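Where a number appears in this text, it was derived from the coordinates with a stated rule and is not lab data. Here the structure is a predicted model, which means the values were calculated and not measured. Positions of Cβ are backbone-derived with ideal geometry, glycine not excepted, and every protein chain shown enters the neighbour counts.
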Amino acid sequence: MSLQEVSHTDELESMIESTDSLMVVFSKEQCPACNTMGQWLDKQFVPESNQSGIKVVLAKLERVGRKVVEDFGLRTMPTTLLFKGGDEVYRVTGFQGPQPVVNAVNNHLLAI
């Protein structure tokens, strides 16, 4: 399964409200760190997350609109937000490799 992209804010908000464990990655198309993050997610993280029940979506600012920057308090790209039961439980700002994201998911979405 490949990384799912959302195309507008209504779709994103609906996913947040209806998905128990959700990871949303906000990115920009011309951002090198965002592209690296997207490749890692698509090739490694998404296939592994399918077994854990975590839904992973990509929200590119060029597609969902710049309003999400204000709505979600985004300051840096990429920014990864973790939602549990519709509530934001953690955020990872920037991309320093996969480990901070893996740790956040393990501690905030998979923790019992």
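Worth a mention:
- Between ASN35 and ARG75, the C-beta separation translates, for a Förster distance of 25 Å, into a calculated FRET efficiency of about 0.85.
- Counting 0.36 nm for each residue step from THR93 to ALA111 and taking away their Cα separation leaves a gain of 4.4 nm.
- Formal net charge of residues neighbouring THR9 (Cβ-Cβ distance under 9 Å; K, R +1; D, E -1): -3
- Other residues within the sphere of radius under 11 Å centred on the Cβ of VAL69, judged by their own Cβ, net out at +2 (K and R +1, D and E -1).
- Over the chain, relative contact order from alpha-carbon pairs under 8 Å, at least 6 apart, %: 35
- Convex hull volume of the chain per residue (C-alpha atoms, cubic angstrom): 91
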